[in-house]
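K.L.:
Would you mind keeping the following structure in view while I ask a few things?
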Amino acid sequence: MKIAVIGTGYVGLVTGTCFAEMGNHVICVDIDEKKIQFLLNGKLPIYEPHLDILFERNARQGRLHFTTNLSEAVENSQIIFLALPTPPGADGSADLSAVLKVAGQIGSLINEYKIIINKSTVPVGTAEKVRDAVLKSIKPVASGGERGGDFDVVSNPEFLREGFAVDDFMKPDRVVIGTKSERAGKILSDLYAPFLRQGNPIYFMDERSAELTKYAANAFLATKITFMNEIANLCERTGANVDMVRIGIGSDSRIGKRFLFAGIGYGGSCFPKDVKALVQTSREYEYDFEILSSVISINDRQKLLLFEKVKSYFKNQLKNKKFALWGLSFKPDTDDIREAPSLYLIEALLASGASVAAFDPEAMNNMKNSVGDKIRYASDPYNALDGADALLIATEWSLFRTPEFDRMKKVMKAPLVFDGRNLYDPLRMKELGFHYESIGRPVS
Ligand code: NAD
(Lines give C-alpha, C1' and ligand atoms only; values in the text may rest on other atoms or scores of the structure.)
Protein backbone atom coordinates (compact mmCIF):
# COMPACT_ATOMS: atom_id res chain seq x y z
CA MET A 1 0.00 0.00 0.00
CA LYS A 2 1.10 3.58 -0.51
CA ILE A 3 1.30 5.55 2.69
CA ALA A 4 2.22 9.11 3.64
CA VAL A 5 3.08 9.95 7.24
CA ILE A 6 2.93 13.65 8.00
CA GLY A 7 5.06 14.58 11.02
CA THR A 8 8.24 12.61 11.54
CA GLY A 9 8.62 12.71 15.33
CA TYR A 10 8.50 9.86 17.85
CA VAL A 11 5.17 8.57 16.52
CA GLY A 12 5.52 9.38 12.81
CA LEU A 13 8.96 7.90 12.42
CA VAL A 14 8.05 4.67 14.17
CA THR A 15 4.75 4.43 12.26
CA GLY A 16 6.39 5.02 8.89
CA THR A 17 9.27 2.64 9.55
CA CYS A 18 7.06 -0.18 10.83
CA PHE A 19 4.64 0.09 7.89
CA ALA A 20 7.62 0.02 5.51
CA GLU A 21 8.92 -3.08 7.30
CA MET A 22 5.66 -4.84 6.33
CA GLY A 23 6.35 -4.14 2.66
CA ASN A 24 4.43 -0.90 2.21
CA HIS A 25 5.75 2.11 0.33
CA VAL A 26 6.05 4.98 2.83
CA ILE A 27 6.84 8.68 2.42
CA CYS A 28 7.46 10.59 5.64
CA VAL A 29 7.00 14.35 5.58
CA ASP A 30 8.15 17.02 8.01
CA ILE A 31 8.44 20.81 7.92
CA ASP A 32 11.70 20.56 9.87
CA GLU A 33 14.26 20.63 7.06
CA LYS A 34 17.14 19.78 9.37
CA LYS A 35 15.32 16.67 10.58
CA ILE A 36 14.56 15.53 7.04
CA GLN A 37 18.15 16.14 5.95
CA PHE A 38 19.35 14.12 8.94
CA LEU A 39 17.06 11.24 7.94
CA LEU A 40 18.10 11.48 4.29
CA ASN A 41 21.69 11.15 5.50
CA GLY A 42 20.72 7.87 7.15
CA LYS A 43 20.69 9.19 10.71
CA LEU A 44 17.91 8.92 13.30
CA PRO A 45 17.04 12.19 15.07
CA ILE A 46 15.64 10.34 18.13
CA TYR A 47 16.75 7.48 20.33
CA GLU A 48 14.28 4.62 20.26
CA PRO A 49 15.45 1.03 20.89
CA HIS A 50 15.42 -1.27 17.81
CA LEU A 51 14.33 1.50 15.44
CA ASP A 52 17.76 1.87 13.84
CA ILE A 53 17.88 -1.59 12.23
CA LEU A 54 14.41 -1.28 10.66
CA PHE A 55 15.05 2.30 9.57
CA GLU A 56 18.32 1.44 7.87
CA ARG A 57 16.94 -1.65 6.09
CA ASN A 58 13.78 -0.02 4.78
CA ALA A 59 15.51 3.18 3.67
CA ARG A 60 18.22 1.13 1.90
CA GLN A 61 15.67 -1.09 0.18
CA GLY A 62 13.68 1.90 -1.08
CA ARG A 63 10.46 1.46 0.90
CA LEU A 64 11.00 4.40 3.27
CA HIS A 65 11.38 7.93 1.92
CA PHE A 66 11.70 11.36 3.50
CA THR A 67 10.70 14.73 2.14
CA THR A 68 9.58 18.22 3.07
CA ASN A 69 7.31 18.21 0.03
CA LEU A 70 3.75 17.54 1.19
CA SER A 71 2.23 17.44 -2.28
CA GLU A 72 4.65 14.76 -3.48
CA ALA A 73 3.68 12.60 -0.50
CA VAL A 74 -0.08 13.17 -0.69
CA GLU A 75 -0.41 12.76 -4.44
CA ASN A 76 1.48 9.47 -4.37
CA SER A 77 -0.30 7.90 -1.40
CA GLN A 78 -3.78 6.62 -0.71
CA ILE A 79 -3.39 6.42 3.05
CA ILE A 80 -2.29 9.59 4.85
CA PHE A 81 -1.41 9.45 8.55
CA LEU A 82 -1.25 12.67 10.54
CA ALA A 83 1.34 12.24 13.31
CA LEU A 84 1.51 15.91 14.13
CA PRO A 85 2.06 17.63 17.48
CA THR A 86 -1.00 18.53 19.56
CA PRO A 87 0.63 20.49 22.41
CA PRO A 88 -1.37 22.08 25.20
CA GLY A 89 -2.71 25.54 24.45
CA ALA A 90 -2.86 28.30 27.07
CA ASP A 91 -6.03 26.82 28.65
CA GLY A 92 -4.75 23.23 28.57
CA SER A 93 -6.80 22.18 25.56
CA ALA A 94 -5.00 20.43 22.69
CA ASP A 95 -3.71 22.89 20.11
CA LEU A 96 -4.97 21.57 16.78
CA SER A 97 -3.36 24.21 14.61
CA ALA A 98 -0.81 21.87 12.98
CA VAL A 99 -3.44 19.17 12.37
CA LEU A 100 -6.00 21.54 10.83
CA LYS A 101 -3.40 23.41 8.79
CA VAL A 102 -2.14 20.20 7.22
CA ALA A 103 -5.73 18.97 6.71
CA GLY A 104 -6.42 22.13 4.70
CA GLN A 105 -3.27 21.62 2.65
CA ILE A 106 -4.20 18.01 1.94
CA GLY A 107 -7.65 19.09 0.72
CA SER A 108 -6.12 21.10 -2.09
CA LEU A 109 -3.96 18.13 -3.12
CA ILE A 110 -6.56 15.37 -3.29
CA ASN A 111 -6.45 13.77 -6.73
CA GLU A 112 -8.15 10.42 -6.01
CA TYR A 113 -9.70 8.56 -3.05
CA LYS A 114 -7.70 9.20 0.13
CA ILE A 115 -7.96 8.08 3.72
CA ILE A 116 -6.81 10.79 6.11
CA ILE A 117 -6.03 9.30 9.49
CA ASN A 118 -5.55 11.12 12.78
CA LYS A 119 -2.80 9.27 14.61
CA SER A 120 -2.12 12.35 16.71
CA THR A 121 -3.90 12.40 20.05
CA VAL A 122 -6.85 14.70 19.38
CA PRO A 123 -9.96 15.71 21.31
CA VAL A 124 -13.43 14.42 20.65
CA GLY A 125 -14.82 16.03 17.52
CA THR A 126 -11.50 16.52 15.73
CA ALA A 127 -12.31 14.08 12.91
CA GLU A 128 -15.25 16.33 12.03
CA LYS A 129 -13.02 19.42 12.14
CA VAL A 130 -10.45 17.73 9.91
CA ARG A 131 -13.20 16.71 7.48
CA ASP A 132 -14.42 20.33 7.35
CA ALA A 133 -10.89 21.68 6.83
CA VAL A 134 -10.32 19.24 3.95
CA LEU A 135 -13.71 19.99 2.39
CA LYS A 136 -13.12 23.75 2.54
CA SER A 137 -9.91 23.51 0.56
CA ILE A 138 -10.78 20.66 -1.76
CA LYS A 139 -10.79 21.69 -5.40
CA PRO A 140 -13.81 20.76 -7.49
CA VAL A 141 -13.24 18.03 -10.04
CA ALA A 142 -11.86 19.91 -13.01
CA SER A 143 -13.08 19.09 -16.46
CA GLY A 144 -9.82 17.24 -17.06
CA GLY A 145 -10.50 15.32 -13.85
CA GLU A 146 -7.01 15.82 -12.46
CA ARG A 147 -8.14 17.26 -9.12
CA GLY A 148 -10.87 16.64 -6.58
CA GLY A 149 -11.98 13.35 -5.18
CA ASP A 150 -13.48 11.27 -2.51
CA PHE A 151 -11.94 10.98 0.95
CA ASP A 152 -12.58 9.61 4.42
CA VAL A 153 -11.30 10.88 7.75
CA VAL A 154 -10.50 8.21 10.31
CA SER A 155 -9.42 8.31 13.94
CA ASN A 156 -6.70 5.75 14.66
CA PRO A 157 -5.13 6.72 18.00
CA GLU A 158 -1.66 5.45 18.75
CA PHE A 159 -0.90 3.66 22.03
CA LEU A 160 2.84 3.05 21.64
CA ARG A 161 5.15 3.71 24.56
CA GLU A 162 8.41 5.54 23.99
CA GLY A 163 11.21 3.12 24.83
CA PHE A 164 9.11 0.18 23.53
CA ALA A 165 7.68 1.94 20.51
CA VAL A 166 8.80 -0.53 17.85
CA ASP A 167 7.63 -3.56 19.83
CA ASP A 168 4.34 -1.87 20.65
CA PHE A 169 3.73 -0.90 17.05
CA MET A 170 4.67 -4.32 15.66
CA LYS A 171 2.59 -6.20 18.24
CA PRO A 172 -0.08 -3.81 19.50
CA ASP A 173 -2.36 -4.86 22.38
CA ARG A 174 -5.16 -3.60 20.16
CA VAL A 175 -5.75 -1.38 17.17
CA VAL A 176 -8.58 1.14 17.41
CA ILE A 177 -10.17 2.39 14.20
CA GLY A 178 -12.79 5.11 14.41
CA THR A 179 -14.74 5.32 11.18
CA LYS A 180 -18.20 4.86 9.76
CA SER A 181 -16.78 4.25 6.30
CA GLU A 182 -16.78 0.59 5.26
CA ARG A 183 -14.36 1.35 2.47
CA ALA A 184 -11.78 2.95 4.78
CA GLY A 185 -12.38 0.26 7.41
CA LYS A 186 -11.64 -2.54 4.93
CA ILE A 187 -8.41 -0.91 3.70
CA LEU A 188 -7.16 -0.28 7.24
CA SER A 189 -8.10 -3.77 8.31
CA ASP A 190 -5.84 -5.10 5.52
CA LEU A 191 -3.09 -2.64 6.42
CA TYR A 192 -3.02 -3.70 10.07
CA ALA A 193 -3.56 -7.45 9.50
CA PRO A 194 0.17 -8.31 9.54
CA PHE A 195 0.52 -6.64 12.95
CA LEU A 196 -2.31 -8.67 14.48
CA ARG A 197 -1.30 -12.19 13.52
CA GLN A 198 -1.11 -13.31 17.15
CA GLY A 199 -4.82 -12.63 17.48
CA ASN A 200 -4.78 -9.23 19.14
CA PRO A 201 -7.98 -7.36 18.31
CA ILE A 202 -8.82 -4.55 15.95
CA TYR A 203 -11.79 -2.57 17.24
CA PHE A 204 -13.99 -0.59 14.89
CA MET A 205 -16.01 2.19 16.42
CA ASP A 206 -17.26 5.69 15.65
CA GLU A 207 -14.70 8.49 15.42
CA ARG A 208 -15.69 10.16 18.69
CA SER A 209 -15.36 6.98 20.73
CA ALA A 210 -11.95 6.29 19.19
CA GLU A 211 -10.78 9.81 20.04
CA LEU A 212 -11.98 9.50 23.61
CA THR A 213 -10.51 6.00 24.01
CA LYS A 214 -7.01 7.41 23.69
CA TYR A 215 -7.56 10.10 26.32
CA ALA A 216 -9.32 7.65 28.62
CA ALA A 217 -6.34 5.26 28.40
CA ASN A 218 -3.74 7.91 29.21
CA ALA A 219 -5.85 9.57 31.90
CA PHE A 220 -6.49 6.20 33.55
CA LEU A 221 -2.79 5.32 33.57
CA ALA A 222 -1.83 8.75 34.91
CA THR A 223 -4.44 8.30 37.63
CA LYS A 224 -3.11 4.85 38.53
CA ILE A 225 0.42 6.22 38.91
CA THR A 226 -0.85 9.16 40.92
CA PHE A 227 -2.94 6.97 43.19
CA MET A 228 0.14 4.91 44.01
CA ASN A 229 2.16 8.06 44.65
CA GLU A 230 -0.50 9.17 47.12
CA ILE A 231 -0.31 5.77 48.84
CA ALA A 232 3.49 6.18 48.98
CA ASN A 233 3.12 9.60 50.59
CA LEU A 234 0.79 8.09 53.15
CA CYS A 235 3.26 5.22 53.75
CA GLU A 236 5.95 7.74 54.63
CA ARG A 237 3.68 9.32 57.23
CA THR A 238 2.41 6.08 58.73
CA GLY A 239 5.59 3.98 58.69
CA ALA A 240 4.24 1.53 56.11
CA ASN A 241 6.34 0.45 53.12
CA VAL A 242 4.92 1.08 49.65
CA ASP A 243 6.80 -1.94 48.26
CA MET A 244 4.79 -4.19 50.53
CA VAL A 245 1.52 -2.44 49.78
CA ARG A 246 2.27 -2.66 46.06
CA ILE A 247 2.76 -6.41 46.04
CA GLY A 248 -0.16 -6.78 48.40
CA ILE A 249 -2.60 -5.10 46.03
CA GLY A 250 -0.95 -5.97 42.71
CA SER A 251 -1.68 -9.67 43.11
CA ASP A 252 -5.39 -8.84 42.91
CA SER A 253 -6.22 -9.47 39.27
CA ARG A 254 -8.74 -6.64 39.30
CA ILE A 255 -5.88 -4.24 40.09
CA GLY A 256 -2.96 -5.84 38.26
CA LYS A 257 0.78 -5.60 38.91
CA ARG A 258 1.68 -2.95 36.36
CA PHE A 259 1.87 0.81 36.82
CA LEU A 260 1.97 0.50 40.60
CA PHE A 261 5.50 1.75 41.21
CA ALA A 262 5.65 4.90 43.28
CA GLY A 263 7.99 7.65 42.18
CA ILE A 264 8.41 11.34 41.49
CA GLY A 265 5.50 11.70 39.11
CA TYR A 266 4.69 11.07 35.49
CA GLY A 267 6.17 13.21 32.74
CA GLY A 268 6.69 12.91 29.01
CA SER A 269 4.98 14.37 26.01
CA CYS A 270 1.68 12.53 26.53
CA PHE A 271 0.29 12.04 30.04
CA PRO A 272 0.66 15.65 31.25
CA LYS A 273 -0.83 17.22 28.14
CA ASP A 274 -3.50 14.57 27.59
CA VAL A 275 -4.81 14.72 31.16
CA LYS A 276 -5.01 18.52 30.90
CA ALA A 277 -6.73 18.30 27.52
CA LEU A 278 -9.32 15.85 28.85
CA VAL A 279 -10.13 18.17 31.75
CA GLN A 280 -10.55 20.97 29.25
CA THR A 281 -12.74 18.88 26.93
CA SER A 282 -14.93 18.04 29.93
CA ARG A 283 -15.26 21.76 30.73
CA GLU A 284 -16.34 22.45 27.17
CA TYR A 285 -19.15 19.94 27.72
CA GLU A 286 -19.92 21.53 31.11
CA TYR A 287 -18.64 18.57 33.06
CA ASP A 288 -16.16 18.88 35.93
CA PHE A 289 -13.81 15.87 35.71
CA GLU A 290 -12.75 16.33 39.33
CA ILE A 291 -10.52 13.30 39.73
CA LEU A 292 -8.29 14.45 36.86
CA SER A 293 -7.91 17.97 38.25
CA SER A 294 -6.57 16.33 41.43
CA VAL A 295 -4.27 14.08 39.41
CA ILE A 296 -2.73 17.15 37.79
CA SER A 297 -2.09 19.02 41.03
CA ILE A 298 -0.81 15.93 42.88
CA ASN A 299 1.57 15.15 40.04
CA ASP A 300 2.89 18.73 39.98
CA ARG A 301 3.63 18.39 43.69
CA GLN A 302 5.15 14.92 43.31
CA LYS A 303 7.65 16.16 40.73
CA LEU A 304 9.20 18.33 43.43
CA LEU A 305 9.07 15.72 46.19
CA LEU A 306 12.75 14.82 45.90
CA PHE A 307 13.66 18.50 46.07
CA GLU A 308 11.55 18.86 49.24
CA LYS A 309 13.34 15.89 50.80
CA VAL A 310 16.73 17.38 49.95
CA LYS A 311 15.70 20.78 51.27
CA SER A 312 14.50 19.30 54.50
CA TYR A 313 17.67 17.20 54.96
CA PHE A 314 19.89 20.26 54.45
CA LYS A 315 17.58 22.48 56.53
CA ASN A 316 16.93 24.81 53.59
CA GLN A 317 20.66 25.52 53.19
CA LEU A 318 21.24 24.50 49.57
CA LYS A 319 23.39 27.44 48.49
CA ASN A 320 26.72 26.26 47.00
CA LYS A 321 25.81 22.61 47.54
CA LYS A 322 26.79 20.28 44.71
CA PHE A 323 24.26 17.71 43.56
CA ALA A 324 24.73 14.78 41.22
CA LEU A 325 21.65 13.92 39.16
CA TRP A 326 21.29 10.49 37.57
CA GLY A 327 18.67 10.38 34.82
CA LEU A 328 17.26 13.23 32.76
CA SER A 329 14.76 11.57 30.41
CA PHE A 330 11.18 11.32 31.66
CA LYS A 331 11.56 7.54 31.75
CA PRO A 332 14.26 5.01 30.78
CA ASP A 333 15.04 3.96 27.21
CA THR A 334 14.18 7.28 25.63
CA ASP A 335 16.00 10.56 25.05
CA ASP A 336 12.73 12.46 25.51
CA ILE A 337 12.86 15.04 28.32
CA ARG A 338 9.49 16.71 27.69
CA GLU A 339 7.86 17.42 31.08
CA ALA A 340 10.51 15.24 32.77
CA PRO A 341 10.73 15.54 36.59
CA SER A 342 14.47 16.20 36.10
CA LEU A 343 13.64 19.59 34.55
CA TYR A 344 11.68 20.63 37.64
CA LEU A 345 14.39 19.35 39.97
CA ILE A 346 17.13 21.19 38.11
CA GLU A 347 15.18 24.43 38.11
CA ALA A 348 14.46 24.21 41.85
CA LEU A 349 18.03 23.28 42.78
CA LEU A 350 19.56 26.06 40.69
CA ALA A 351 17.08 28.59 42.08
CA SER A 352 18.26 27.61 45.57
CA GLY A 353 21.85 28.40 44.69
CA ALA A 354 22.99 24.78 44.31
CA SER A 355 24.90 23.35 41.35
CA VAL A 356 24.03 20.21 39.39
CA ALA A 357 26.20 17.66 37.59
CA ALA A 358 24.04 15.31 35.55
CA PHE A 359 24.42 12.05 33.70
CA ASP A 360 21.96 10.31 31.39
CA PRO A 361 22.81 7.60 28.85
CA GLU A 362 20.74 9.15 26.03
CA ALA A 363 19.11 12.45 26.99
CA MET A 364 22.12 14.73 27.54
CA ASN A 365 21.85 16.42 24.12
CA ASN A 366 18.20 17.23 24.59
CA MET A 367 18.92 18.64 28.06
CA LYS A 368 21.78 20.74 26.63
CA ASN A 369 19.33 22.16 24.10
CA SER A 370 16.90 22.92 26.91
CA VAL A 371 18.99 24.30 29.80
CA GLY A 372 22.37 24.82 28.10
CA ASP A 373 25.40 25.20 30.37
CA LYS A 374 23.44 25.94 33.53
CA ILE A 375 24.38 22.44 34.68
CA ARG A 376 27.48 20.28 34.19
CA TYR A 377 27.16 17.24 31.89
CA ALA A 378 29.17 14.36 33.29
CA SER A 379 31.02 11.80 31.20
CA ASP A 380 29.67 8.89 33.27
CA PRO A 381 27.64 8.31 36.45
CA TYR A 382 30.70 8.41 38.73
CA ASN A 383 32.03 11.58 37.16
CA ALA A 384 28.70 13.24 38.08
CA LEU A 385 29.28 12.19 41.71
CA ASP A 386 32.69 13.83 41.95
CA GLY A 387 32.63 16.01 45.10
CA ALA A 388 28.82 15.81 45.31
CA ASP A 389 27.00 16.55 48.57
CA ALA A 390 24.30 14.10 47.51
CA LEU A 391 23.03 12.01 44.61
CA LEU A 392 19.50 12.47 43.27
CA ILE A 393 18.00 9.79 41.01
CA ALA A 394 15.26 10.91 38.63
CA THR A 395 15.09 8.13 36.02
CA GLU A 396 15.25 4.36 36.49
CA TRP A 397 17.73 3.53 33.73
CA SER A 398 18.93 -0.09 34.14
CA LEU A 399 22.47 1.23 34.25
CA PHE A 400 21.83 2.79 37.67
CA ARG A 401 20.44 -0.37 39.24
CA THR A 402 23.74 -2.01 40.18
CA PRO A 403 26.31 0.72 40.70
CA GLU A 404 29.68 0.31 42.43
CA PHE A 405 28.61 1.59 45.83
CA ASP A 406 32.18 1.68 47.22
CA ARG A 407 33.30 3.78 44.30
CA MET A 408 30.34 6.09 44.81
CA LYS A 409 31.28 6.64 48.45
CA LYS A 410 34.87 7.36 47.52
CA VAL A 411 34.06 10.15 45.06
CA MET A 412 31.14 11.75 46.89
CA LYS A 413 31.57 14.32 49.64
CA ALA A 414 29.02 12.39 51.72
CA PRO A 415 27.24 9.03 51.26
CA LEU A 416 23.84 10.54 50.67
CA VAL A 417 21.27 9.28 48.12
CA PHE A 418 17.79 10.63 47.35
CA ASP A 419 16.18 8.10 45.07
CA GLY A 420 13.04 9.18 43.21
CA ARG A 421 12.61 5.76 41.59
CA ASN A 422 13.15 3.32 44.46
CA LEU A 423 16.06 1.51 42.81
CA TYR A 424 17.74 0.13 45.90
CA ASP A 425 16.83 -1.79 49.03
CA PRO A 426 16.82 0.62 52.00
CA LEU A 427 18.26 -2.01 54.36
CA ARG A 428 21.09 -2.84 52.01
CA MET A 429 21.86 0.87 51.62
CA LYS A 430 22.06 1.16 55.38
CA GLU A 431 24.50 -1.77 55.54
CA LEU A 432 26.57 -0.08 52.85
CA GLY A 433 26.75 3.05 54.97
CA PHE A 434 24.49 5.35 52.98
CA HIS A 435 21.88 7.75 54.22
CA TYR A 436 19.17 6.73 51.77
CA GLU A 437 15.78 8.32 51.18
CA SER A 438 13.34 6.97 48.62
CA ILE A 439 9.61 7.22 47.93
CA GLY A 440 7.12 5.67 50.32
CA ARG A 441 9.70 3.55 52.14
CA PRO A 442 11.52 3.91 55.45
CA VAL A 443 14.55 6.20 55.48
CA SER A 444 17.79 4.29 56.11
P1 NAD B 1 6.88 15.10 17.92
O2 NAD B 1 6.91 16.48 18.40
O3 NAD B 1 8.00 14.17 18.27
O4 NAD B 1 6.75 15.08 16.32
C5 NAD B 1 5.90 15.88 15.59
C6 NAD B 1 6.56 16.21 14.26
O7 NAD B 1 5.65 16.92 13.44
C8 NAD B 1 7.81 17.09 14.40
O9 NAD B 1 8.89 16.48 13.74
C10 NAD B 1 7.41 18.40 13.72
O11 NAD B 1 8.48 19.04 13.05
C12 NAD B 1 6.37 17.91 12.71
N13 NAD B 1 5.47 18.94 12.22
C14 NAD B 1 4.91 19.98 12.90
N15 NAD B 1 4.12 20.71 12.08
C16 NAD B 1 4.19 20.11 10.87
C17 NAD B 1 3.59 20.38 9.61
N18 NAD B 1 2.78 21.43 9.44
N19 NAD B 1 3.86 19.56 8.56
C20 NAD B 1 4.70 18.52 8.72
N21 NAD B 1 5.30 18.21 9.89
C22 NAD B 1 5.04 18.99 10.95
O23 NAD B 1 5.50 14.49 18.41
P24 NAD B 1 5.17 12.96 18.76
O25 NAD B 1 5.68 12.64 20.13
O26 NAD B 1 5.56 12.10 17.61
O27 NAD B 1 3.59 13.04 18.88
C28 NAD B 1 2.75 13.25 17.76
C29 NAD B 1 1.32 13.01 18.17
O30 NAD B 1 1.15 11.66 18.59
C31 NAD B 1 0.86 13.87 19.35
O32 NAD B 1 -0.49 14.18 19.19
C33 NAD B 1 1.03 12.94 20.54
O34 NAD B 1 0.17 13.25 21.59
C35 NAD B 1 0.65 11.60 19.92
N36 NAD B 1 1.24 10.44 20.59
C37 NAD B 1 2.53 10.49 21.04
C38 NAD B 1 3.08 9.35 21.64
C39 NAD B 1 4.50 9.37 22.15
O40 NAD B 1 4.86 8.45 22.88
N41 NAD B 1 5.32 10.35 21.80
C42 NAD B 1 2.31 8.18 21.77
C43 NAD B 1 1.02 8.17 21.28
C44 NAD B 1 0.49 9.32 20.68
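The values are calculated or read from the model by the stated rules, or taken from the named source; none is laboratory data. Being a predicted model, the structure only gives us computed values, none of them experimental. Virtual Cβ from ideal backbone geometry, glycine too; neighbours counted across all protein chains shown. Each accessible area value is taken on the protein alone, full model and side chains, heavy atoms only, with ligands, DNA and RNA left out. Shrake-Rupley method; radii C 1.70, N 1.55, O 1.52, S 1.80 Å.
K.L.:
Cβ under 13 Å from residue 316's Cβ, residue 316 left aside: what net charge do those residues give with Lys, Arg +1 and Asp, Glu -1?
P.N.:
Net charge in that neighbourhood comes out at +4.
K.L.:
What trypsin sites (Lys or Arg not before Pro) does the range 228-282 have in DSSP loop regions with at most 16 other beta carbons within 10 Å?
P.N.:
254, 257, 258
K.L.:
Quick one: pull the percent of accessible area on the chain belonging to carbon and sulfur, 1.4 Å probe, ligands and nucleic acids left out.
P.N.:
52
K.L.:
Once you put a point 7 Å from the Cα of residue 170 and another 7 Å from the Cα of residue 293, both along the Cβ direction, what distance in nm separates them?
P.N.:
Going from the residue 170 label point to the residue 293 one covers 4.5 nm.
K.L.:
Which of rounded, prolate, oblate describes the range 2-205, given a ≥ b ≥ c as roots of the alpha-carbon gyration tensor eigenvalues and a/c under 1.5 marking rounded, otherwise prolate only if a/b is larger than b/c?
P.N.:
rounded
K.L.:
Another question, then. Could you give me the ³J(HN,Hα) list for the range 379-385, computed from phi with Karplus coefficients 6.51, -1.76, 1.60 and θ = phi - 60°, whole Hz, x at Gly and Pro?
P.N.:
7, 7, x, 6, 4, 5, 7
K.L.:
Here's another thing I want to ask about it. Please figure out what share of the DSSP beta bridges in the range 2-205 is antiparallel and state it in percent, rounded to the nearest 5.
P.N.:
5
K.L.:
In the chain, what percentage of the DSSP-assigned beta bridges are antiparallel, given to the nearest 5?
P.N.:
If we restrict to bridges inside the chain, about 5 percent are antiparallel.
K.L.:
Here's something else I'd like to know. Report relative contact order for the chain in percent, whole number only (criteria: Cα-Cα under 8 Å, sequence separation at least 6).
P.N.:
12
K.L.:
On to the next question. Over all directions, the average projected area of the alpha-carbon convex hull for the chain comes to how many nm²?
P.N.:
That works out to 23.0 nm², a quarter of the Cα hull's surface.
K.L.:
Local charge sum around residue 46 (other residues, Cβ-Cβ under 10 Å, Lys/Arg +1, Asp/Glu -1)?
P.N.:
For residues surrounding residue 46, the net value is -4.
K.L.:
Something else now. Local charge sum around residue 300 (other residues, Cβ-Cβ under 14 Å, Lys/Arg +1, Asp/Glu -1)?
P.N.:
With Lys, Arg at +1 and Asp, Glu at -1, the neighbours total 0.
K.L.:
Hey, another quick one. Just from its helices, what would the mean residue ellipticity at 222 nm be for the chain, if runs of 4 or more DSSP H residues each count -39500 (n - 2.57) and the sum is divided by every residue, rounded to the nearest 500 deg cm²/dmol?
P.N.:
-13000 deg cm²/dmol
K.L.:
Same structure, new question: What is the ratio of the Cα radius of gyration of the range 215-301 to 2.2 N^0.38 Å, where N is its residue count, to two decimals?
P.N.:
For the range 215-301, the normalised Cα radius of gyration is 1.16.
K.L.:
Where only protein heavy atoms count, and the probe is 1.4 Å, what is the accessible area per residue for the chain in Å²?
P.N.:
Dividing the accessible area of the chain by its residue count gives 45 Å².
K.L.:
Express in nm, to one decimal, how much length is gained between residue 112 and residue 38 on full extension, taking 0.36 nm for each residue of separation and deducting their alpha carbon distance.
P.N.:
Gain on extension, residue 112 to residue 38, equals 23.5 nm.
K.L.:
Filter the DSSP H helices in the chain by two things, a Kyte-Doolittle mean of at least -0.5 and an axial alpha-carbon span of 30 angstrom or more, and list the hits by number.
P.N.:
Membrane-span-like by this rule: 207-238.
K.L.:
Quick one: the Cα spread of the range 180-256 along its three principal axes, in angstroms, biggest first?
P.N.:
Cα spread of the range 180-256 along its principal axes, largest to smallest: 60, 27, 16 Å.
K.L.:
While we're here: Suppose we keep just the alpha-carbon trace of the range 303-437; what are its Rg and Dmax in angstrom?
P.N.:
Every Cα atom of the range 303-437 included, Rg and Dmax give 13.4, 40 Å.
K.L.:
Work out the length of the dipole vector of the chain about its Cα centre, built from +1 on the beta-carbon of each Lys and Arg and -1 on the beta-carbon of each Asp and Glu, and round it to the nearest 20 debye.
P.N.:
That gives the chain a dipole magnitude of about 780 debye.
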